Amino acid sequence: MGEEQNHEDLAVQQAIDQLMASEPGAQPMPVDLEADPALVREYTELLGLLPYALPEERRQARVREQILAQISEPAIQRPFGDITLVGSQPEPVSVDKTLRRIPAASGGPAGKEPGDQTLIGHGQTAAHPVAFPAAAPHPSGSWWPQALAATLAICVFGLGFLSSMVINQRADIGALNIALARSTDPRVMDEYTTLRNNLDMVTGVAEQAYPMRQAVPVGDASEAAQGIVYVCGQHQRWYLNLRGLEPPPSGQQYHLWFMTEDGAVSGGSLDVEQDKPAERDALSMPKGTHGFMVTLEKDGPHDQPEGLQVLLGEQPVPL
Amino acid sequence: MSQDSERIDPAAEEPTDKDLVRRVAERDESALAELYDRFSGLLLALARRVLGDSSDAEEVLQEVFLQVWNQAGRYDGKRSSVSTWLVLITRSRSIDRLRSRQVKDRTLSALQQEKPDRHTSPEGLGSVLHQQRRQRLRREMEELPAEQRQVLELAFFRGMTQSEIATSTGIPLGTVKTRTLLAMKKLRKALRAQVQELL
């Protein structure tokens with residue numbers, strides 16, 4: 001009887017563990033060979049019955065129509081691929097492996113290194129750049145030069161444009177496309193490419209934004225440092241853009257941290273250059289991330305934040 | 001089974017849940033619609049229970065069925081019933097959204113304030129089955145000791161690990177595990193027939 005009880009206890013625990021492991025971003029669960037699979041299955045089904053204890057909701061005809069309308073449309077390009085099916089084993093999140101730094105928007109081309117998987121259009125690699133659409137013909141040309149010049153000036157000199165124009169994302173992307181198609185300056189084209197790709201990524205699929213507010217000023221910066229982290233669906237892909245940070249003092253470096261339920265998880269160091277935004281993006285983040293922090297640490301790797309807290313973002317804004 | 005050729009056995013007319021999933025994998029939109037009609041009330045209740053917000057719950061419901069549409073071919077009937085499969089997908093998405101919204105405390109107050117209008121879905125064989133399950137589950141959950149029901153609900157509807165439950169409630173981890181075990185075993189014994197239906 002004691003042995004039976006142990007087997008049953010194991011089966012219950014394994015069913016519970018499998019339930020936890022089925023959550024997005026969870027670590028794969030090692031298989032317990034001692035638990036009877038049939039018993040584990042029974043307990044899994046038992047867990048699946050729990051919602052029947054809830055009062056049933058009214059069937060939503062509108063949601064039904066939306067679902068059927070979406071599946072009837074031609075296949076929509078999904079930038080991040082299919083979502084991992086519950087029950088399959090998600091790959092463990094390794095922050096060091098997934099983090100990659102995209103170059104700050106500057107003169108150099110973005111993401112042109114061999115094998116670089118940085119953002120180019122909707123999840124495509126640098127080897128397959130997005131073909132920008134040709135500029136649409138316009139009925140009269142008198143207002144175009146001024147509009148183009150204004151768009152160029154805004155986009156080149158104001159990255160704050162990104163976060164402030166989120167609501168008008170379609171108009172922005174359209175303007176960027178047109179300006180990019182018309183521009184012949186390689187530096188401007190590179191700048192546009194980066195802005196357009198980032199704008200597409202953050203406004204096309206991002207669901208939340210975490211404004212990063214300065215906790216403590218560093219150096220003699222007259223402008224307060226600030227930033228924003230865009231987070232995409234399923235709490236996975238994210239993009240960070242920080243502005244106003246002074247380069248770190250000698251012997252120190254800025255460090256990014258994911259705030260999770262288990263504490264701070266290192267996101268690696270951040271390179272900050274004078275008068276240039278610091279950017280970072282990755283395809284995933286640690287499980288349970290609920291905020292972001294930038295600290296000023298001594299040079300070298302860090303497992304825990306020990307230095308000055310410079311920027312903090314804990315209050316997400318839905319997009 | 002009756003030999004009367006004029007008598008129609010409702011069970012013979014209704015496709016099984018697995019039949020529907022198989023048809024969804026073959027891109028049969030009507031099968032997805034039927035799955036929605038059978039399970040949306042249950043899944044929406046689950047999402048709403050986790051999120052405490054109707055509009056978020058509806059969005060999760062939409063995501064769930066789009067995922068079903070895209071991944072029906074991967075459903076493995078040996079691992080779980082269709083009902084459990086859908087429940088676990090919904091739970092997973094709901095908890096993920098809950099965490100990203102940082103609304104655990106707001107969820108509780110929202111649940112206390114909202115009193116949604118309920119009504120049962122139209123009659124049908126699947127609906128009757130669900131109604132029976134619902135009545136049974138409700139009764140058995142109510143008969144669980146409150147402390148056992150609490151740990152089970154925190155784990156399932158709030159996505160809390162046993163360690164997190166122990167920390168947030170101040171109950172020793174061993175006690176949390178014991179209560180979970182007792183609750184699950186009690187429910188399994190009481191709901192044996194309902195579980196067997198799903199195997």
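The values are calculated or read from the model by the stated rules, or taken from the named source; none is laboratory data. The structure displayed is predicted, hence computed values, not measured ones. FYI the Cβ positions are ideal-geometry reconstructions off the backbone, even for glycines, and counts take in every protein chain you see. Side chains are part of the model used for accessible areas, which takes the heavy atoms of the whole protein and leaves out ligands, DNA and RNA. Shrake-Rupley method; radii C 1.70, N 1.55, O 1.52, S 1.80 Å.
When region B:64-73 is filtered for residues that are crowded, with 20+ Cβ neighbours inside 10 Å and either more than 8 Å from chain A (Cβ to nearest Cβ) or not in a helix (DSSP H, G or I) (or both), the ones remaining, listed by number, are B:VAL64, B:VAL68, B:ALA72.
Across region B:77-89, which residue is farthest from the chain's Cα centre (by Cα) among those that are more than 8 Å from chain A (Cβ to nearest Cβ) and closer than 20 Å to A:LEU50 by Cβ?
B:VAL82
Here the condition is being of a type outside the set (A, V, I, L, M), within 22 Å of B:ALA57 (Cα to Cα) and at pLDDT 90 or above; of B:GLU143, B:GLU147, B:GLU153, it holds for B:GLU153 alone. Taken over region A:19-55, the criterion of being modelled with pLDDT of 85 or more, over 16 Å from B:ALA183 (Cβ atoms) and not aliphatic (A, V, I, L, M) is satisfied by A:ASP36, A:PRO37, A:ARG41, A:PRO55. When we screen B:LYS185, B:LYS177 for residues that are surrounded by fewer than 21 Cβ atoms within 10 Å (Cβ to Cβ), in a helix (DSSP H, G or I) and at the interface with chain A (Cβ under 7 Å from one of its Cβ atoms), the only hit is B:LYS185.
Let's see how each residue does on (1) open to solvent by 60 Å² or more (accessible area, probe 1.4 Å); (2) modelled with pLDDT of 95 or more; (3) over 18 Å from the mean Cα position of the chain (by Cα):
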residue: B:GLU13; (1), (2), (3): yes, no, yes
residue: B:THR16; (1), (2), (3): yes, no, no
residue: B:LEU20; (1), (2), (3): no, yes, no
residue: B:TYR36; (1), (2), (3): no, yes, no
residue: B:LEU46; (1), (2), (3): no, yes, no
residue: B:LEU51; (1), (2), (3): no, no, no
residue: B:ALA57; (1), (2), (3): no, no, no
residue: B:TYR75; (1), (2), (3): no, no, no
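For B:HIS119, the conditions (1) open to solvent by 60 Å² or more (accessible area, probe 1.4 Å); (2) more than 30 Å from A:MET259 (Cα to Cα); (3) modelled with pLDDT of 55 or more all hold with the exception of (3).
Candidates A:GLU261, A:GLU246, A:GLU314, A:GLU279: the one that is out of contact with any strand residue (DSSP E or B) (no Cβ under 9 Å at 6 or more places or on another chain) and under 19 Å from A:GLN226 (Cα atoms) is A:GLU246.
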